[in-house]
Amino acid sequence: MTRRPIVSRDDAVAVLPAALPALVDLRDRGLTHRWVRHVRSSQAFALSLFAPLPEGGVKRVLAHLGLKVTEVGSVVFEFEDLADRLGEASSRSPHRTQVDVVLTGTTEDGEQVAAFIEVKLSEIDFGPCSAFESPDNPSRATCDSPGLFGSDPGTCFQLQNHGRGRRLYDDHLPLPRAPNGPSNDGGCVARQGRNQPMRNLALASLMVAVGEFDRVVYAVCAPERHPTIWRRFEEFREVFPDTDTVWTGSMPAELVARQHPDGGAAFVNRYAPALADQALLHLSADGSQLLGVWVVRGGSLESHYPNDEFASLAEDRLAGQDWSFLVDELPRSSPYVVWWGRADCSFAESARDVFTRLTYTWV
């Protein structure tokens with residue numbers, strides 16, 4: 001596996017080759033992040049993850065999020081509403097909410113649908129409310145009050161756009177629920193890490209309200225082995241309920257990478273330490289012995305068996321099967337439930353590596 005520098009010298013090294021045109025386009029539009037060349041850049045991660053997707057890959061990602069489409073549009077990075085219908089830009093700042101990745105498509109019934117995707121790599125939370133943190137905020141009591149916008153949108157400094165207009169987030173959000181447990185700090189539910197996804201959700205709802213799309217799913221995409229960001233997202237989802245036209249979803253980065261033409265091999269070579277994978281285990285009839293291990297590497301099935309007899313039996317069973325079906329359904333499918341299992345592994349491990357590791361711990 002190639003060791004990457006902490007900060008790449010140029011754009012061509014910062015992302016996968018298939019993502020370079022998208023990065024160049026963002027740079028030409030002045031939308032690149034300051035640290036896009038850093039090894040932990042979520043923007044470079046998003047570009048390398050979504051830019052290589054073929055049409056079929058986009059369809060499968062959308063299907064995972066509940067949108068079955070027959071046609072897809074181009075992948076869009078750093079999407080924003082240029083008409084600023086949320087009222088975010090001001091004389092102080094031209095900033096508008098940006099969505100990391102937008103996938104669009106058309107359903108069989110002619111509906112225009114989209115997935116608004118927030119991509120996280122190493123961040124441990126979403127962006128907080130800048131108005132809450134501002135020393136110019138005259139309405140701190142609103143921030144300290146429970147409910148969305150402190151249950152008093154008229155005095156919310158964020159909705160007042162820091163005194164320079166009126167942001168319209170509250171016009172495009174579902175009626176929130178009160179948070180439970182440790183995630184309830186007693187103040188405005190959007191003053192901390194729920195703020196960034198709240199703004200994305202409002203933008204998604206706006207796009208439906210003005211007829212740009214018929215349905216939108218707002219999703220977070222991150223490595224499976226990033227429990228902190230997934231927990232933060234669940235804290236957001238407990239407050240903001242789904243509607244028939246706008247809802248939330250989750251997308252493991254590993255699932256997206258597997259849709260690449262090379263099965264995610266090049267992507268994994270860059271990000272393997274952050275990614276999680278699963279191996280399919282071939283077990284003896286009583287489940288007491290590990291006979292062999294299967295993984296997908298470079299888009300192809302790879303196996304390791306000390307005994308060739310068991311390998312040939314497995315090859316007949318697995319030939320032509322979709323890998324997602326194998327790891328999700330085969331271990332639960334009768335009559336093979338006693339023959340198959342699965343185990344967590346990393347993309348950096350070969351089938352032999354997994355077999356060797358599990359052999360030492362197998363009971």
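Values in this text are rule-based calculations from the coordinates and carry no lab data. Source: prediction; values computed, not measured. Neighbour counts are summed over all protein chains in view; Cβ atoms, including those assigned to glycine, are modelled from backbone coordinates with ideal geometry.
Values for this structure:
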| read-out | value |
| --- | --- |
| Space enclosed by the convex hull of the alpha-carbon atoms of the chain, per residue, Å³ | 167 Å³ |
| Nonlocal amide H pairs with ALA219, under 5 Å, H built at 1.01 Å | PHE116, ILE117, GLU118, GLY249 |
| Phi-based couplings in Hz for region 10-22 (Karplus 6.51, -1.76, 1.60; Gly and Pro marked x) | 8, 4, 4, 8, 6, 9, 5, x, 5, 9, 4, x, 5 |
| Computed [θ] at 222 nm, deg cm²/dmol, the chain (DSSP H ≥ 4; -39,500 (n - 2.57); rounded to nearest 500) | -8000 deg cm²/dmol |
| Spatial separation of Cα centroids for region 258-296 and region 10-55, in angstrom | 27 Å |
| Principal-axis tilt of helix 55-64 within the chain, Cα atoms, nearest 10 degrees | 80 degrees |
| Charge dipole of the chain about the Cα centre (unit charges at C-beta), most positive-ward option of ALA204, LEU275, GLY150 | GLY150 |
| Among LEU53, ASN195, HIS38 the positive-end extreme of the charge dipole of the chain (Cβ point charges) | HIS38 |
| Charge dipole magnitude, Cβ of K and R +1, D and E -1 - the chain, Cα centre, debye nearest 20 | 1120 debye |
